[in-house]
Amino acid sequence: MKDNSILIYRSRTGFTKRYAEMIAKETGCDLAEFQKAKIDFLARYQTFIFGSRLHAGRIDGLSKAKKIFQKSGAKRFILFAVGAIPNTAEETIAEMWKNNLSEIEMEQIPHFYMQGGLNYERMGFMDKTMMKAAAVFMSRRSGDEVFKKMISQSYDISSEEYIKPLVRLLKER
Ligand SMILES: Cc1cc2nc3c(=O)[nH]c(=O)nc-3n(C[C@H](O)[C@H](O)[C@H](O)COP(=O)(O)O)c2cc1C
């Protein structure tokens, strides 16, 4: 049977959705929103790619996505996370993976980080409140000024560049 893939994404303000669409366009994989992904529909796929945003250090919906993957019968799980921090923040990103994946999962699940940005116009009330609290917290700590300034407004640092490692992996097979 052909190794067919589906990309399931969860996106609140559009960055993950945009990355998901770029990956689907580049690789020809099928695409579905997380909320609409039903197990019987996923059963026909061998590779399950899950993409979601970072939210207070956690990958939104990851535990549920892992459960769906296990029930779906797919063979391969690939993960990507989208956040506001730049890809160059390697230590923070490495720490984030440690907090989201177990040691075994780190070895077994190919995982990728893609820098997105912030979109206050599309953010929900709770998220806006959390961002304000984060900015207040940072203003009390010295050294966080640059980051505080950065997160006080919308910005977009996403680029097609960041899908390349994942696309390469999907095209290998
Ligand atoms: C309340 C809140 C917490 C966030 N926490 C993080 C975080 O821990 N690390 C990070 O890099 N980005 C964080 N972000 C930024 C989002 O992950 C980023 O805006 C992402 O691009 C959103 O993806 P989406 O547009 O697909 O929803 C946070 C955003 C909000 C609103």
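Quick look at the values:
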{"read-out": "Residue list for the stretch 10-41, restricted to those being within 13 Å of the ligand (Cβ to nearest atom), over 25 Å from GLN153 (Cβ atoms) and in a strand (DSSP E or B)", "value": "GLU33"}
{"read-out": "The one condition in (1) under 28 Å from ASP127 (Cβ atoms); (2) in a helix (DSSP H, G or I); (3) more than 16 Å from the ligand (Cβ to nearest atom) that ILE6 fails to fulfil", "value": "(2)"}
{"read-out": "Counted residues, the stretch 97-125 - those being within 16 Å of GLY57 (Cα to Cα) and more than 7 Å from the ligand (Cβ to nearest atom)", "value": "11"}
{"read-out": "Failed criterion for GLU145 (all others in (1) within 13 Å of the ligand (Cβ to nearest atom); (2) exposed (fewer than 12 other Cβ atoms within 10 Å of the Cβ); (3) charged (D, E, K, R) hold)", "value": "(1)"}
{"read-out": "Qualifying residue in the stretch 74-92 (condition: assigned by TED's automatic domain parsing to the domain that holds TYR162, free of Cβ contacts under 8 Å to residues at least 12 places away in the same chain and assigned to a loop (DSSP other than H, G, I, E, B))", "value": "yes"}
{"read-out": "Total residues in the stretch 48-61, condition assigned to a strand (DSSP E or B) and surrounded by fewer than 19 Cβ atoms within 10 Å (Cβ to Cβ)", "value": "2"}
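The values are calculated or read from the model by the stated rules, or taken from the named source; none is laboratory data. Being a predicted model, the structure only gives us computed values, none of them experimental. As a convention, Cβ positions derive from the backbone with ideal geometry for all residues, glycine included, and neighbour counts pool all protein chains shown.
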